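The values are calculated or read from the model by the stated rules, or taken from the named source; none is laboratory data. Please read all numbers here as calculations on a predicted model, not as lab measurements. Cβ: placed from backbone, ideal geometry, glycine included. Neighbour counts: every protein chain shown. To get the accessible areas, we keep the full protein, side chains included, count just its heavy atoms, and leave off ligands, DNA and RNA. Shrake-Rupley method; radii C 1.70, N 1.55, O 1.52, S 1.80 Å.
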Amino acid sequence: MDFFVLMLAIPLASGALLTVFGERDWAPNLNIIASLGTFLAAAGLTTEIVANGPRFAFGEQFFIDSLNVFFVALTAFVGLTTSIFSGPYMRNEAEHGRLSKPRLRLYKSMYQLFMFTMLAALTTNNLGILWVAMEAATLTTVLLVSLYRTPASLEAAWKYFILCGVGIAQALFGTILLYFAAERVLGESGNALLWTHLIDVKGQLEPTIMALSFIFLLVGYGTKVGLAPLHNWLPDAHAEGPTPVSAVLSGLLLNVALYAILRCKVLADGAIPGDFAGRLMIGFGLFTLLVAAFFLSRQKDVKRMFAYSSIEHMGLITFAFGMGGPVANFAGLLHMTMHSLTKSAIFFAVGHATQKTGTQLMENIRGLIKINPLIGWGLMLGTLAILGMPPFGVFASEFMILTHAMKHYPWATPVLLLGLGVAFAAIFGKVQPMVFGETEAKRLPHAPAITPVFLHLGIVLMLGLYIPPYLTRWFHEAARMLG
Amino acid sequence: MSASIPFSAQLINLFAAVILLLAFAMLAQRRLPQLINLFALQGGALCLATLVAAVTTGQVHLYYSAGLTLALKVLLLPWILHRLVRQLKVKGEVEALINIPTTMLVGIVLVMVAFNVALPISELSHTITRGTLGIALAVVMLAFLMMITRQKAITQVVGFLSMENGLFLAATSATYGMPMVVELGIALDVLIGVIILGVFFFQIRDQFDSLDIRHMERLKDN
């Protein structure tokens, strides 16, 4: 059986199954087993690609190379750990009376369908289908953000839908323009939106159209990445949705949207003389980093704060890819991995912490280390990791981005340092009293799942100290694809 | 120059102009049921424009595209929206944040911007419908304006769908439509989106007793 087909079929089929049987007692286990199956299939696909090189699937409609297989592996892995985390988390929520059985069913089926749309977006070769899958990813998560049906969560979901809808409409216009440019070279066959065909003729694409197209694509998909000034939906959606959803939105969806921009950037770079696309991304990236850093200090809600931290890191990553070249691309990819793993680990810890204390307000969360040392340390270490403290992997990637910026874009260095410094002060100052200090919280009916937190942090730590050679080769290969 | 434009191209330009006019009419319309009817009309004009392009060029997938527009944008979506309005008992009046004449003036400026942006691209296009690209962009921008200035959740959705109309017009005018598989995917997304929104409207109304988005401005950063 083909690993690729399995990888797409498992989440799709289990999503359909859970729609019907999602209220049964075994449904949470099916959710985990399906995620495990998806992960194993993705791992199989990864080894296949690493061994045999790029391949197509379903004619030329899907294309897997070392760049997107890397995102596929990451997505499937975080999808698995999040499903493990969400088991006890959702049972506790149900016990507290915040979620009824039908809503738990909705959650599980949408979770699997969300994984499906993301994996489809990552592996498709057709830029039109990429758009369709990105829009579908929004649609599957809208009802998840409003799962609690509180006024605040409905408002967040509405904002998410409208802002991302408008954003993604811009991306569609960009895709139409791209198709228009491609059609002049490739003719009216159905191949004119296939990335593998476009990459061969990228030098012949009309520069004026490509420039306009890339602007629309960057703004459109950028809305989903959370690039300022279109980031407004992101903190609301992360803060008001259930924590597993915050974890996958932050750890995975933002990556997938950024991946879409990267694929388009490769084409734009080939068509437009000068470094047009790169400069745009540098500008957006730095602006996003600064905006997020300064908003961080004003946050009172813990999930909101870490959502702003995600925006900040997305800004940094966009900046890195904007600089381009093998080193910056390598650093960008590494940082994306580190951010995904660390941020989802933080959200896992935060999720259990908010459940224990019954609030998301940081001033009311105190003394986590006394309630549950593992959660307390998980949050503390995760925070240190995301702030770029050595020896965690985030330090390595941030260090690479900074040194590369110093060498090639010295004017940007003070801005980067300012943003990272402000973010450090804001986050550390708020997390420290949450972890230490006095408390009067109660025990939870279901023991929290701590393993995913430390599994993620362990990988981040390991990658900070030592990156295995085959992983380095793989990262280099992927970075090279980005030009 | 005008004499050299073939009849079919003039026809498509005419329908595109009708779509633009309807976009303005939607901006000016205060009552919700009529707004939905205008949206259906806009879909109809889009369908006819696509059909003319299909007949002239003989491209088979344009016929499908026209059929899809007819089924989805003229029949199904307006029907769903009308049903929603009735079931939710939304009051007919649409409240605008800015008064209507000002909105129209802003709209005119947007149209000029859109034409200027589209100019260099239209010149490169070799399709018979190239003149309409500016109009398509203008429709997208007017729909955007409508979403910004209106307060009812359902009006914002009509604006969103009207934007989709503009995008389809752009696809038809610049390139004779996207590949079939993509158009099907987009249509599916739009349909699922509207269904999800239908569910969502009931949740909003149960929570706020109204579909006015003014109630939904509490999430702020401080």
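Residue by residue, here is whether (1) under 21 Å from residue A:24 (Cα atoms); (2) without any contact (Cβ under 8 Å) to a residue 40 or more places away in the chain holds:
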{"site": "A:113", "(1), (2)": "yes, no"}
{"site": "A:118", "(1), (2)": "no, no"}
{"site": "A:122", "(1), (2)": "no, no"}
{"site": "A:128", "(1), (2)": "no, no"}
{"site": "A:132", "(1), (2)": "no, yes"}
{"site": "A:139", "(1), (2)": "no, yes"}
{"site": "A:161", "(1), (2)": "no, yes"}
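Within the stretch A:361-384, is even one residue in contact with a Lys or Arg (Cβ under 9 Å, 6 or more places away or on another chain) and under 20 Å from residue A:467 (Cα atoms)?
The answer is yes, given that some residue of the stretch A:361-384 is in contact with a Lys or Arg (Cβ under 9 Å, 6 or more places away or on another chain) and under 20 Å from residue A:467 (Cα atoms).
Taking the condition in contact (Cβ under 8 Å) with a residue 12 or more places away in the chain and either open to solvent by less than 10 Å² (accessible area, probe 1.4 Å) or in a helix (DSSP H, G or I) (or both), does residue B:71 pass? Explain how you work it out, then say what you get.
Working: in contact (Cβ under 8 Å) with a residue 12 or more places away in the chain: no; either open to solvent by less than 10 Å² (accessible area, probe 1.4 Å) or in a helix (DSSP H, G or I) (or both): yes.
No.
Of the conditions (1) surrounded by 24 or more Cβ atoms within 10 Å (Cβ to Cβ); (2) under 19 Å from the mean Cα position of the chain (by Cα); (3) more than 19 Å from residue A:428 (Cβ to Cβ), residue A:352 satisfies every one except a single condition; which number is it?
Going through (1) surrounded by 24 or more Cβ atoms within 10 Å (Cβ to Cβ); (2) under 19 Å from the mean Cα position of the chain (by Cα); (3) more than 19 Å from residue A:428 (Cβ to Cβ) one by one, residue A:352 breaks only (2).
Yes/no matrix, rows are residues, columns are (1) over 22 Å from the mean Cα position of the chain (by Cα); (2) modelled with pLDDT under 90:
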site: A:389; (1), (2): no, yes
site: A:419; (1), (2): no, no
site: A:425; (1), (2): yes, no
site: A:436; (1), (2): yes, yes
site: A:443; (1), (2): yes, yes
site: A:448; (1), (2): yes, yes
site: A:453; (1), (2): no, yes
site: A:463; (1), (2): no, yes
site: A:467; (1), (2): no, yes
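Which residues, counting only those in the stretch A:299-327, are among the hydrophobic types (A, V, I, L, M, F, W, C) and buried (at least 24 other Cβ atoms within 10 Å of the Cβ)?
Filtering the stretch A:299-327 for residues among the hydrophobic types (A, V, I, L, M, F, W, C) gives A:302, A:305-307, A:311, A:314, A:316-317, A:319-321, A:323, A:327.
A:302, A:305, A:306, A:307, A:311, A:314, A:316, A:317, A:319, A:320, A:321, A:323, listed by residue number.
Just need a number here: residues in the stretch A:89-107 that are within 26 Å of the chain's Cα centre (by Cα) and open to solvent by 20 Å² or more (accessible area, probe 1.4 Å).
Total satisfying the criteria: 5.
Which of the residues belonging to the stretch B:39-68 are in contact with a Phe, Trp or Tyr (Cβ under 8 Å, 6 or more places away or on another chain) and not in a helix (DSSP H, G or I)?
Within the stretch B:39-68, just B:59 meets the criteria.
Take the stretch A:143-153 and flag every residue that is buried (at least 24 other Cβ atoms within 10 Å of the Cβ) and within 9 Å of chain B (Cβ to nearest Cβ).
Listed by number, the list holds a single entry, A:146.
So residue A:296 ticks every box in (1) within 24 Å of residue A:70 (Cβ to Cβ); (2) open to solvent by less than 10 Å² (accessible area, probe 1.4 Å); (3) of a type in the set (A, V, I, L, M, F, W, C) but one. Which box is left unticked?
Only one criterion is unmet by residue A:296, namely (1).
Just the residues that are in contact with a helix residue (DSSP H, G or I) (Cβ under 6 Å, 6 or more places away or on another chain), of a type in the set (Val, Ile, Thr) and under 23 Å from residue B:160 (Cα atoms), please, taken from the stretch A:163-195.
A:168, A:175, A:176
Could you tell me which of the residues A:252, A:267, A:316 is out of contact with any strand residue (DSSP E or B) (no Cβ under 8 Å at 6 or more places or on another chain), closer than 18 Å to residue A:222 by Cβ and modelled with pLDDT of 95 or more? Give the steps one after another, and end with the answer.
Numbers: A:252 fails: modelled with pLDDT of 95 or more; A:267 fails: modelled with pLDDT of 95 or more.
Result: A:316 is the single residue among A:252, A:267, A:316 that is out of contact with any strand residue (DSSP E or B) (no Cβ under 8 Å at 6 or more places or on another chain), closer than 18 Å to residue A:222 by Cβ and modelled with pLDDT of 95 or more.
For residues that are under 17 Å from residue B:168 (Cα atoms), touching a residue at least 60 places away in the same chain (Cβ under 8 Å) and more than 7 Å from chain B (Cβ to nearest Cβ), tally how many sit in the stretch A:172-204.
Of the residues in that region, 3 qualify.
Does residue B:219 satisfy the criteria of being more than 8 Å from chain A (Cβ to nearest Cβ), among the aliphatic types (A, V, I, L, M) and on the phi < 0 side of the Ramachandran plot?
no
Within the stretch A:186-232, which residues are in contact with a strand residue (DSSP E or B) (Cβ under 8 Å, 6 or more places away or on another chain) and assigned to a helix (DSSP H, G or I)? Full working, then the answer.
Keep residues of the stretch A:186-232 that are in contact with a strand residue (DSSP E or B) (Cβ under 8 Å, 6 or more places away or on another chain), which gives A:193-196.
Of everything in the stretch A:186-232, those that are in contact with a strand residue (DSSP E or B) (Cβ under 8 Å, 6 or more places away or on another chain) and assigned to a helix (DSSP H, G or I) turn out to be A:193, A:195, A:196.
Taking residue A:243 as the residue in question, decide whether it is of a type in the set (S, T, N, Q) and open to solvent by 10 Å² or more (accessible area, probe 1.4 Å).
For residue A:243, the condition - of a type in the set (S, T, N, Q) and open to solvent by 10 Å² or more (accessible area, probe 1.4 Å) - is not met.
From the list A:383, A:337, exactly one residue is within 21 Å of the chain's Cα centre (by Cα), assigned to a helix (DSSP H, G or I) and either closer than 21 Å to residue A:67 by Cα or touching a residue at least 60 places away in the same chain (Cβ under 8 Å) (or both). Which is it?
From the options A:383, A:337, the qualifying one is A:337.
Pairs only if they're at least six apart or on different chains, beta carbon under 6 angstrom, first in the stretch A:1-18 and more than 16 Å from residue A:71 (Cβ to Cβ), second open to solvent by 10 Å² or more (accessible area, probe 1.4 Å) and among the aliphatic types (A, V, I, L, M); list them, first residue then second.
Listed by first residue and then by second, the contacts come to A:15/A:113.
Of the numbered conditions (1) crowded, with 24+ Cβ neighbours inside 10 Å; (2) touching a residue at least 24 places away in the same chain (Cβ under 8 Å); (3) of a type in the set (Ser, Thr, Tyr); (4) closer than 17 Å to residue A:10 by Cα, residue A:86 satisfies every one except a single condition; which is it?
With (1) crowded, with 24+ Cβ neighbours inside 10 Å; (2) touching a residue at least 24 places away in the same chain (Cβ under 8 Å); (3) of a type in the set (Ser, Thr, Tyr); (4) closer than 17 Å to residue A:10 by Cα applied to residue A:86, the lone miss is (4).
Given the residues B:53, B:25, which is the only one that is open to solvent by less than 20 Å² (accessible area, probe 1.4 Å) and in contact with a helix residue (DSSP H, G or I) (Cβ under 7 Å, 6 or more places away or on another chain)?
Checking each option against the conditions leaves just B:53.
When residues of the stretch B:165-189 are filtered for being more than 7 Å from every other protein chain (Cβ to nearest Cβ), within 12 Å of the chain's Cα centre (by Cα), open to solvent by less than 10 Å² (accessible area, probe 1.4 Å) and not polar (S, T, N, Q), how many remain?
2
Condition test on residue A:137, is it more than 7 Å from chain B (Cβ to nearest Cβ) and closer than 30 Å to residue A:19 by Cα? Talk me through it step by step, then tell me what you get.
Values: more than 7 Å from chain B (Cβ to nearest Cβ): yes; closer than 30 Å to residue A:19 by Cα: yes.
Yes; evaluated as a whole, the condition is true for this residue.
In the stretch A:112-119, is there at least one residue being surrounded by fewer than 24 Cβ atoms within 10 Å (Cβ to Cβ), farther than 23 Å from residue A:9 by Cα and more than 9 Å from chain B (Cβ to nearest Cβ)?
No: the stretch A:112-119 contains no residue that is surrounded by fewer than 24 Cβ atoms within 10 Å (Cβ to Cβ), farther than 23 Å from residue A:9 by Cα and more than 9 Å from chain B (Cβ to nearest Cβ).
Could you list, in sequence order, all residues of the stretch A:169-192 that are open to solvent by less than 10 Å² (accessible area, probe 1.4 Å), within 22 Å of residue A:56 (Cα to Cα) and in contact with an Asp or Glu (Cβ under 9 Å, 6 or more places away or on another chain)?
Residue satisfying the conditions is A:192 alone.
Sort out which residues of the stretch A:403-457 are assigned to a helix (DSSP H, G or I), more than 30 Å from residue A:323 (Cα to Cα) and polar (S, T, N, Q), and write them in order of number. Walk me through it before giving the result.
So the first thing to find is which residues in the stretch A:403-457 are assigned to a helix (DSSP H, G or I), and the list is A:403-408, A:412-435, A:451-457.
Add one more test, that the residue is more than 30 Å from residue A:323 (Cα to Cα), and what stays is A:429-435, A:451-455.
Selection gives A:432, A:451.
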